[in-house]
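Quick one: the structure is below, questions incoming.
The values are calculated or read from the model by the stated rules, or taken from the named source; none is laboratory data. If you're wondering where the values come from, they're calculated on a predicted model, not measured in any experiment. Cβ coordinates were reconstructed from backbone atoms using ideal geometry, including for glycine residues, and neighbour counts include every protein chain displayed.
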Amino acid sequence: MTFKSAVSDIYHDRTSFRIIQRSRTFAIVSIVAVAVSLLALLVRDLNLNIDFEGGTAWQVKVASGDASAGEVRDVAESAGIDQPTVKILGGGDELLVESREVDPALSREVAAALAAYAGVEESIVSVSEVGPTWGDEISRKAIQALLIFFAAVSIYLTLRFEWKMAAAALLALVHDLVITVGVYAILQFEVSPGTVVAVLTILGYSLYDTVVVFDKVRENTADIAISKSTYSDTVNRSLNEVLLRSINTSLSALIPVLSLLVVGSFIFGALTIRDFGLALFVGLLSGTYSSIFVAAPALAWWKEREPASRRAAERAARAGVGGGSAASHAAVVGVPVDLAKEARRTAPGTPGDGLMVPRQTVRRPDGTIAARPPRPRGRKRS
């Protein structure tokens with residue numbers, strides 16, 4: 001399949017991608033991404049802002065209406081601040097300088113330097129101190145919110161679907177969380193309370209996309225006990241049915257976030273928007289990927305080990321459904337299906353060891369199986 005035909009199939013909602021059959025490839029991609037993220041967290045700590053670490057912040061509005069982040073950083077460093085964080089707020093005329101906690105004398109000196117740069121009186125400069133206790137409280141509440149979210153998700157999906165779907169959804173959420181945090185560790189973007197809000201937002205989005213996929217899976221697997229398709233083939237069909245919807249939903253969310261990230265942050269220099277937008281962008285991409293390529297394959301792998309799914313795989317093999325996909329997937333998940341004995345129909349009157357022969361094949365005298373020649377077609381007698 002060419003790229004052009006694949007795009008055309010997606011656009012016209014007639015896809016037939018073998019997602020579950022290639023689940024090992026996607027699993028390797030996810031494992032590598034998670035491993036790199038965890039390694040980044042071990043090697044490079046997150047760049048936490050003063051709301052978490054504690055410190056001092058100076059905020060002032062520039063009288064001229066034009067502030068340069070580079071110039072403000074030079075002013076703060078010349079006043080004695082080591083590696084200050086400078087943010088341009090509002091319409092570009094308000095600046096915020098953050099640093100580790102400093103003594104009152106140095107704080108007044110920095111305020112005087114910033115007031116001179118902004119062209120205002122020193123009393124106009126707003127100085128705020130954030131202690132480490134406040135940062136610890138924010139961290140504790142963020143962890144509590146995350147645990148409550150995971151518990152609520154588990155209860156909801158267990159009641160709405162089943163506990164195995166809840167476990168697969170939680171696996172996808174942890175996948176998204178680790179990758180998003182890993183990107184922040186690699187790029188060393190500042191982690192602020194706004195970042196925490198963005199992470200919780202994208203986890204909710206990822207859950208929404210996963211619920212859409214699972215709802216279609218549950219609908220299509222309702223009659224799996226009498227179906228002639230394997231559970232994995234049914235999940236694969238469900239994924240193809242919701243693929244266009246997932247892509248459209250993701251694009252509708254990613255385009256505004258990308259505009260917010262590029263225009264607001266990199267063009268106008270609004271660093272606060274960058275911290276929030278990056279978490280949304282990475283999380284939305286990861287959430288879309290995980291709902292299709294992590295949650296659904298994990299569910300299929302798990303459910304294929306149930307007795308009902310094993311029997312469905314055997315029926316599919318006997319019926320020859322799916323062009324051999326039943327046998328190939330059975331080999332992957334360990335379903336004991338032997339196509340030489342199960343995927344064939346008995347030829348009437350065939351002696352021997354009871355080996356079943358498909359209708360489209362014949363048994364040679366030496367015991368081998370060959371394709372049956374086509375029957376000649378003649379004119380019908382009047």
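Which one of the conditions (1) under 13 Å from the mean Cα position of the chain (by Cα); (2) under 29 Å from A308 (Cα atoms); (3) acidic (D, E) does D176 fail to meet, given that it meets all the rest?
Looking at each condition in turn, D176 falls short on (2).
Would you say S123 is closer than 24 Å to D275 by Cβ and over 21 Å from the mean Cα position of the chain (by Cα)? It would help to see each step written out before you state the result.
Numbers: closer than 24 Å to D275 by Cβ: no; over 21 Å from the mean Cα position of the chain (by Cα): yes.
For S123, the condition - closer than 24 Å to D275 by Cβ and over 21 Å from the mean Cα position of the chain (by Cα) - is not met.
Answer yes if at least one residue in the range 236-258 is buried (at least 18 other Cβ atoms within 10 Å of the Cβ) and of a type in the set (D, E), and no otherwise.
no
For R22, are the conditions met, namely being in a loop (DSSP other than H, G, I, E, B) and either at pLDDT 90 or above or exposed (fewer than 15 other Cβ atoms within 10 Å of the Cβ) (or both)? Before the answer, list the steps.
On the way: in a loop (DSSP other than H, G, I, E, B): no; either at pLDDT 90 or above or exposed (fewer than 15 other Cβ atoms within 10 Å of the Cβ) (or both): yes.
Answer is no for this residue.
Could you look through the range 60-85, keep only residues that are in contact (Cβ under 8 Å) with a residue 40 or more places away in the chain and under 37 Å from the mean Cα position of the chain (by Cα), and pick out the one that is surrounded by the fewest Cβ atoms within 10 Å (Cβ to Cβ)? Please lay out each step first, then the result.
Filtering the range 60-85 for residues in contact (Cβ under 8 Å) with a residue 40 or more places away in the chain gives 60-64, 67, 69, 71-72, 75, 85.
Right, trim to under 37 Å from the mean Cα position of the chain (by Cα) and you get 69, 85.
Working: A69: 16, T85: 20.
Within the range 60-85, the match that is surrounded by the fewest Cβ atoms within 10 Å (Cβ to Cβ) is A69.
Tell me which strands (runs of 3 or more DSSP E) are completely within the range 47-162 and hold 1 or more residues being among the aliphatic types (A, V, I, L, M), modelled with pLDDT of 85 or more and farther than 30 Å from V217 by Cβ, or say none if there are none.
Numbers: elements: 55-61, 85-89, 94-99, 126-130.
Ranges flagged: 55-61, 94-99, 126-130.
So that you can scan it fast, the table gives a plain yes or no per residue for (1) farther than 17 Å from V282 by Cβ; (2) in contact with a Phe, Trp or Tyr (Cβ under 9 Å, 6 or more places away or on another chain):
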position	(1), (2)
H175	no, yes
V181	no, no
A185	no, no
V217	yes, yes
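Mind listing just one residue for me: the one in the range 297-328 that is within 14 Å of A167 (Cβ to Cβ) and basic (K, R) and, of those, modelled with the lowest pLDDT?
In this case the residue turns out to be R305.
Still on this structure, I have one more. Does at least one position in the range 192-200 carry a residue that is in contact with a helix residue (DSSP H, G or I) (Cβ under 6 Å, 6 or more places away or on another chain), over 24 Å from N47 (Cβ atoms) and in contact (Cβ under 8 Å) with a residue 40 or more places away in the chain? Full working, then the answer.
So the first thing to find is which residues in the range 192-200 are in contact with a helix residue (DSSP H, G or I) (Cβ under 6 Å, 6 or more places away or on another chain), and the list is 192-196, 198-199.
Okay, now just the ones that are also over 24 Å from N47 (Cβ atoms), so none.
No.
Out of the residues in the range 186-220 that are closer than 21 Å to N248 by Cα and more than 17 Å from the chain's Cα centre (by Cα), state the one that is surrounded by the fewest Cβ atoms within 10 Å (Cβ to Cβ).
D215
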